[in-house]
Each structure stands twice: as C-alpha cells, then as structure tokens.
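Since the structure comes first, as structure tokens, the remarks are kept for the end.
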Amino acid sequence: MILTRKVKKSLTMLTVVLAIIGAWALGARSNVMQAVLVDYKTEAVDKGDIRQTVVTSGQLKPVNVVSIGSQVSGEVKKLYVDFNDKVTKGQLLAEIDTSLLKAQIAQSQAQVDNTISATKLAELNAERNRRLYKAGYIPLNQSETSTQDARTARTNMEIAKAQLDRDKVNLSYAELHSPVDGVVISREVSVGQTLQASFQAPDIFKIAADLTKMQINIELVESDIGQVKEGQTAEFNVEAFPGETFKGKVSKVHISPTNPQGAVTYGMLVDVNNTEGRLLPGMTASVKVIINEKSDVLRVPTPALRFTPSDSPPSDATDGGPKHVYVLHGAKPEPLEVQTGVVDIDYTEVTSDTLKEADQVIVEEIPRLTHQ
C-alpha cells in the first residue's frame, strides 16, 4: 500500500507524541521510585549515665534582705554609705534634717509647761471649793465641777507629755542605723531629697545580711510541679560565667499557685552557697532540677523511641502503650518492644533484655538520592 505524503507526516507526528508520553511516564516512574526508597540512620545501644531534669529559670537574691526606711518626714541631710558598702549593726547610715522635728519638740514642751500650770491652778481651785462647800458657802455642784476640772487638767497634762515623748522619739528616727551586719545592695534616695512618711516608711537602703547565702526564685509550670521535691539537687548557669556550672538545693516548693495571664505556676526556692561571693543579686540563672539519675545503665538514644517508618502507623510510644524501637533485618526495619526507665533529652534507659550493648537502632529515615 502506497502512503501519501500527508499520511506519512501524520504518522511521524504520532510517533513523536507517543515517544514524549513514554519518556514522561518513565521519568515519573523513576521519580516515584526515588521518593519511596530510603536509607536509615542508626545509632548503637550503649551503657552510660542518664539524668532526668526539669529545666527552668529564675533570679538570684540574698536569703535575708532588710529594708531600711524613714519613719519621719524631712529632707535627706547626709548619707554615710553607698552601694556595695559593708556595714555593721548599729552603724549610722543617714540623717534626716531635724529642724522641723526640733521645732515640734519645742512646741510640745511649751504645751506641757502650759498644762502643768493649768493643772496646778485647777487643783488649787478644786481644793479651795471643797473647803468652801464644807463651810456651807457654795453648793455641792460647784465643788464637784471644780474637782472635775482638775481631773481634766491632769489628763491634758499627761496627753501633752505623751506628745512630747513621741516627738523626742521621732527626733531619734532622724538618724538611721543599720539593724544588721551586711552589705548595702540598694540606695533609693539622694542628699536633698524630701521624704514623706505620711502613709508608709519610704525605703532608703536595702541591706543584704549575708551574701554568702543566696536563693533562686523560680516559677514552675503546672506540668513540672509533680516531679520537683524539696531536697533535690539543682544545677544552674549564669551569663556572667559562661560554661561554668553552679550547684544548689531545692529548699521550698510552694503549694499555693499563682495565675499570671491564665497560666498556673508554683513558686520554688533553690538555696545556693555563695562563699566566694561571685554570684550577685539579680543575676538570671538557667536551672536544671535533677529529678532522677542513674549511672552505667543500658540506654538507647531517645529519638529511637520516637522513630516510626514512614510506611507504618504512628508510634504509640507516648500514649501509654508498649514502647518500640526499630532495628534493621536485612534492609527492612522491624519493631522491637522494649521496657524503659529513666528518660532524658538524649537517652532512655532500657530495662528489658530485648536489647544488648552495641545493637544498632534506627533513629532517622534518610531519602535515597540516586535513581533506581
């Protein structure tokens, strides 16, 4: 059969189209094969230490901080100490101007003198009226009134004396003395500043009684509070000494919650020995509270317990069911049930005999990059 030129051209175009479709199908198949073929990264089961921790942060503060305030109003006249100064119990720290206090004492003294004179006069008048009443010269009510006036005068005199005593005590408050041995960690006022003690005593100094003993104030989230107990060891770092680890001990876990912005937290204190004086109040500490730790135990990398092959159902390792790791039999991953103990970020203790040291467990899938 003789084909015309037009038919030959059509057959040629059809052949080209079929070739393109075939090439596309072959490439797609090759890509599918590349997507489903994977390699597996494994790590060895070994023996070592495991440390389970709760990670949190808080601020360092002295165990005992005493606030020194002024109980009287007035201008700050003198300051004898400043930040970081060491002070001893009874040492003079500051003076408040005493001009108004002394004027108040003078006024109260004059009031006392006046009431003393008034009391003497009232008592003399009462005694005279008692004699006149007995002689029949005045009625009884007049004598009783003068007696009552004498009692009132004596009361007013006692009130005036009490006011004078209070003003003298206030004058003594113009000198501020340290109640403890310690270090000044805060000075809140300057010379010339006027203090108003009408409602509360304004703070002037804060003194740390003993900087060799510090605490870390921590707020624990609700999910961690059940694991932390008093007496547990804590390790922490501060930015001032990078790479250096300090130790402390949990001294208090508060049972009363706080609820900032809707998140329930519980307070915790970690006691810290600061005999070298390197740690300072206000430093931010990154803290690890050691919940549990074991030495020289059989362990697997924790990611191995989270691993599930991409073509398998999701792992049940976190839902309370049996835990599994995967091992390679030939080129195929197979699950192996294990029992576990202490868990940290990197490793998990294996308590069953289904694994032994040097066994390889799968921790990750790695897509194979070569075409098949």
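The values are calculated or read from the model by the stated rules, or taken from the named source; none is laboratory data. Because the structure is predicted, anything quoted here is derived from the model rather than measured. Every residue, glycine as well, gets a Cβ built from its backbone with ideal geometry; the counts of neighbours run over all protein chains shown.
Looking only at residues in the stretch 28-73 that are part of a helix (DSSP H, G or I) and either among the β-branched types (Val, Ile, Thr) or under 30 Å from Glu349 (Cβ atoms) (or both), which one is modelled with the highest pLDDT?
Val36
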Testing Thr308 on (1) of a type in the set (Ser, Thr, Tyr); (2) surrounded by 12 or more Cβ atoms within 10 Å (Cβ to Cβ); (3) under 23 Å from the mean Cα position of the chain (by Cα), one condition comes back false. Which one is that? (3)
Check off (1) outside any helix (DSSP H, G or I); (2) of a type outside the set (A, V, I, L, M, F, W, C); (3) assigned by TED's automatic domain parsing to the domain that holds Ser73 for Asn217 and give me the number that stays unchecked. (3)
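Looking at Glu357, Glu349, Glu337, which one is assigned to a loop (DSSP other than H, G, I, E, B) and in the same structural domain as Phe307 (by TED's automatic domain parsing)? Even if it seems obvious, please write down each step before you answer.
Details: Glu349 fails: assigned to a loop (DSSP other than H, G, I, E, B); Glu337 fails: assigned to a loop (DSSP other than H, G, I, E, B).
None of the other options fit; the residue is Glu357.
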Looking for something modelled with pLDDT of 95 or more and within 51 Å of the chain's Cα centre (by Cα) - is there at least one such residue anywhere in the stretch 137-153? no
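Being surrounded by 15 or more Cβ atoms within 10 Å (Cβ to Cβ), touching a helix residue (DSSP H, G or I) at 6+ places or on another chain (Cβ under 6 Å) and acidic (Asp, Glu): is that true of Asp149 here? Don't jump to the end; show me each part of the working.
Numbers: surrounded by 15 or more Cβ atoms within 10 Å (Cβ to Cβ): yes; touching a helix residue (DSSP H, G or I) at 6+ places or on another chain (Cβ under 6 Å): yes; acidic (Asp, Glu): yes.
Yes; evaluated as a whole, the condition is true for this residue.
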Ala122: surrounded by fewer than 13 Cβ atoms within 10 Å (Cβ to Cβ) and either assigned by TED's automatic domain parsing to the domain that holds Thr194 or at pLDDT 90 or above (or both), yes or no? no
Hey, any hits in the stretch 83-93 for a residue that's modelled with pLDDT of 90 or more, on the phi > 0 side of the Ramachandran plot and either basic (Lys, Arg) or touching a Ser or Thr at 6+ places or on another chain (Cβ under 9 Å) (or both)? yes
Checked against (1) modelled with pLDDT of 90 or more; (2) among the acidic types (Asp, Glu); (3) part of a loop (DSSP other than H, G, I, E, B), Asp319 satisfies every condition except (1)
Check Ser117 against each of (1) outside any helix (DSSP H, G or I); (2) surrounded by fewer than 18 Cβ atoms within 10 Å (Cβ to Cβ) and name the one condition it does not meet. (1)
In the set Ala208, Ala174, the lone residue that is out of contact with any Leu (no Cβ under 7 Å at 6 or more places or on another chain) and either small (Gly, Ala, Ser) or under 30 Å from Asn273 (Cα atoms) (or both) is Ala208
